[in-house]
Structures are given as C-alpha cells and as structure tokens.
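> The structure under discussion is supplied below as structure tokens; questions concerning it will follow.
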C-alpha cells in the first residue's frame with residue numbers, strides 16, 4: 001500500500017508540473033534493460049514521456065537513467081494521458097523471474113488490473129508496441145492473437161531464440177514499399193529472444209524468417225517464423241504491435257520506418 005501511495009504522489013506531482021500531459025507527452029515509452037526505443041523517437045522528433053522500468057541495469061548505456069517508475073504507467077488513468085505506449089524489452093514486472101536470478105518479476109503482468117488497463121487502452125482506439133521480452137504483456141492480455149513457443153500462459157516460455165542475424169522476408173506490401181526492399185537483415189543482439197510459433201487469421205505478419213531456437217534438447221530451425229506482427233483486437237483503430245527483436249539493435253533507418261509504417265503518423269512532433 002505504501003508503494004502505491006508513493007507512486008500516486010509522484011505521479012500527481014509530475015502531472016501538476018506539466019510533465020505527464022497529453023499535449024506534451026503523446027507517447028509513453030518505458031526504459032528496459034535490453035532495448036531503448038527513445039533513440040528512434042528522438043530521431044523522429046517525437047515528444048515522449050519516459051517511465052523507468054529497468055530490472056537491473058541498462059545494457060545500452062552507462063548513463064544514469066531517470067523517469068517516472070514504470071509501475072505508475074499501469075495505474076488507473078495514467079496510460080490514457082498518452083496516444084501510444086511503447087514497452088521495451090527488459091521492462092520490470094513483465095517476466096517470470098529476474099533474469100540470472102530466481103526472484104519473481106511478475107508484479108505487473110500477473111496483476112489483472114494491468115491487463116484490464118492495457119485492454120481498455122487499446123479498446124479506446126490507441127496503440128501499444130512491445131519488443132522482445134515485453135511480449136508477455138501482449139500474450140497475457142490478448143492470448144488468442146499470437147501463438148508463442150512454449151505453454152500458453154507460462155511467462156517467459158517463448159524466450160528460446162538464438163543470437164545472430166536473420167534475413168527477414170517482408171510479407172506486407174506497405175512495409176516493402178516504405179523500406180524500398182523485400183528483404184531486411186534483422187539483428188538479434190541477445191539470445192533467448194521470444195519466438196512466435198503461429199498467429200491467428202486476423203493478425204498481420206510484417207516480417208518472416210528462418211530462426212534458430214532451443215527445443216529443450218538442442219538447436220532447431222523454425223522456417224518462416226513470424227518476426228514482426230500486429231493486430232487490432234477490437235475491430236477499431238486500436239493496434240498492438242509486437243517486435244520479437246530489439247528496436248535499438250537495427251539500423252536507424254529500418255527502425256524508424258517500421259515505427260512510422262506500422263503505427264501511422266506518430267503524434268505530437270516537436271517544433
């Protein structure tokens with residue numbers, strides 16, 4: 001209870017100071033241990049509000065990390081202050097255990113309120129994007145849209161992908177036109193990334209490729225696996241995008257094009 005009160009007070013102070021308002025922060029973005037989506041937003045001059053969600057420490061910078069605690073983003077009312085929400089891989093509270101440790105790390109994704117708030121947000125015709133290890137939030141919130149490796153509902157079960165590069169086939173004409181290519185090299189800069197087995201009929205696959213994954217006994221190959229997907233679970237404009245890779249591991253032009261193509265015009269451009 002004390003933690004929730006402190007978070008609420010911190011949040012109220014940020015709103016009062018104008019930090020967390022729709023007009024100034026159209027995209028909420030979390031800092032995760034393994035991915036940094038703010039790099040692309042900075043390049044695109046998109047205003048965004050940062051929520052600190054590090055589990056341990058950022059692998060992509062030695063600088064001090066600031067921002068509102070990520071737990072505040074999933075409090076009632078906070079998420080709707082933003083037009084889009086980006087959740088980076090390695091965000092605290094979305095996994096079964098803290099990586100390289102046995103301590104629980106499911107405080108957010110195991111909370112029914114977190115799932116309800118995320119579902120309500122997308123139902124209100126807004127968009128969410130998750131990268132790699134943040135996939136658990138998408139799987140728990142919309143379990144019928146994507147079939148991940150491993151047991152359904154078992155946190156972190158799909159995290160079996162091998163480190164390396166994948167030559168991805170662009171399977172959507174809109175993205176192929178935006179990239180001006182029908183193939184793109186995707187860099188999986190860490191092992192144990194979340195692998196997709198299959199998708200529902202109403203889920204769009206933007207990229208596919210042959211990937212190596214651990215099947216429990218050794219490395220196996222899954223041919224033509226979905227690598228980048230999106231879906232509109234409520235039939236409106238609200239969209240969920242899931243990247244199985246890290247945005248900051250790709251070339252800047254590729255990452256920026258993916259965001260703009262899959263999510264449409266990004267809101268609130270800085271002057």
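> Being under 29 Å from residue 42 (Cα atoms) and touching a strand residue (DSSP E or B) at 6+ places or on another chain (Cβ under 7 Å) is the filter here, so list the residues in the range 91-115 that pass it.
91, 92 - these are the residues of the range 91-115 that are under 29 Å from residue 42 (Cα atoms) and touching a strand residue (DSSP E or B) at 6+ places or on another chain (Cβ under 7 Å).
> I would also like to ask the following. Just for the range 240-271: of the residues that are touching a helix residue (DSSP H, G or I) at 6+ places or on another chain (Cβ under 7 Å) and in a loop (DSSP other than H, G, I, E, B), which one is farthest from residue 31 (Cα to Cα)?
Step by step, filter the range 240-271, then rank; the result is 266.
> Let me ask another. Looking at 207, 175, can you tell me which residue is farther than 20 Å from residue 134 by Cα and either in contact with a strand residue (DSSP E or B) (Cβ under 6 Å, 6 or more places away or on another chain) or modelled with pLDDT of 95 or more (or both)?
Exactly one residue qualifies, and that residue is 175.
> Hey, does the range 26-33 have a residue that's outside any strand (DSSP E or B), without any contact (Cβ under 8 Å) to a residue 60 or more places away in the chain and either under 16 Å from the mean Cα position of the chain (by Cα) or at positive phi (or both)? It would help to see each step written out before you state the result.
The first filter runs over the range 26-33 and keeps only residues outside any strand (DSSP E or B), leaving 26, 32-33.
Imposing the further condition that a residue be without any contact (Cβ under 8 Å) to a residue 60 or more places away in the chain reduces the set to none.
Scanning the range 26-33, I find no residue that is outside any strand (DSSP E or B), without any contact (Cβ under 8 Å) to a residue 60 or more places away in the chain and either under 16 Å from the mean Cα position of the chain (by Cα) or at positive phi (or both), so the answer is no.
> Oh, and also: What pairs come up if the first residue lies in the range 182-205 and is at positive phi and touching a residue at least 12 places away in the same chain (Cβ under 8 Å), the second is assigned to a strand (DSSP E or B) and crowded, with 21+ Cβ neighbours inside 10 Å, and their beta carbons are under 8 Å apart, counting only those six or more places apart or on different chains?
192/159; 192/160; 192/161
> Kindly indicate the residue of the range 36-46 that is in contact with a strand residue (DSSP E or B) (Cβ under 7 Å, 6 or more places away or on another chain) and not in a loop (DSSP other than H, G, I, E, B) and also farthest from residue 249 (Cα to Cα) among those meeting that condition.
Kept after step one, since they are in contact with a strand residue (DSSP E or B) (Cβ under 7 Å, 6 or more places away or on another chain), are these residues of the range 36-46: 37-38, 41, 45-46.
Retained after the next criterion (residues that are not in a loop (DSSP other than H, G, I, E, B)): 38, 41, 46.
On the way: 38: 13, 41: 15, 46: 20 Å.
Ranking the qualifying residues of the range 36-46, first place goes to 46.
Table: residues versus (1) surrounded by 15 or more Cβ atoms within 10 Å (Cβ to Cβ); (2) at pLDDT 95 or above; (3) touching a strand residue (DSSP E or B) at 6+ places or on another chain (Cβ under 8 Å).
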| position | (1), (2), (3) |
| --- | --- |
| 117 | yes, yes, no |
| 121 | yes, yes, yes |
| 138 | yes, yes, yes |
| 152 | no, no, no |
| 162 | yes, yes, yes |
| 182 | no, yes, yes |
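> Exactly one of (1) farther than 27 Å from residue 145 by Cβ; (2) buried (at least 21 other Cβ atoms within 10 Å of the Cβ); (3) free of Cβ contacts under 8 Å to residues at least 24 places away in the same chain is unmet by residue 68. Its number?
So residue 68 meets the others, but not (3).
> Would you check if there is a residue in the range 64-72 being modelled with pLDDT of 95 or more, assigned to a helix (DSSP H, G or I), within 23 Å of residue 120 (Cβ to Cβ) and in contact with a helix residue (DSSP H, G or I) (Cβ under 9 Å, 6 or more places away or on another chain)?
The answer is yes; a qualifying residue exists.
> Would you check which residues across the range 80-101 are buried (at least 16 other Cβ atoms within 10 Å of the Cβ) and part of a loop (DSSP other than H, G, I, E, B) and list them?
Pass one, the range 80-101, residues buried (at least 16 other Cβ atoms within 10 Å of the Cβ): 81-96, 99.
Passing the criteria: 82, 83, 88, 89, 90, 92, 93, 94, 95, 96, 99.
> Which numbered condition trips up residue 49, out of (1) in a loop (DSSP other than H, G, I, E, B); (2) touching a residue at least 12 places away in the same chain (Cβ under 8 Å)?
Answer for residue 49: the failing condition is (1).
The values are calculated or read from the model by the stated rules, or taken from the named source; none is laboratory data. These numbers come from a predicted model, not from an experiment. Because the Cβ atoms are built from the backbone with ideal geometry, glycine has one as well, and the counts that use them run over all protein chains shown.
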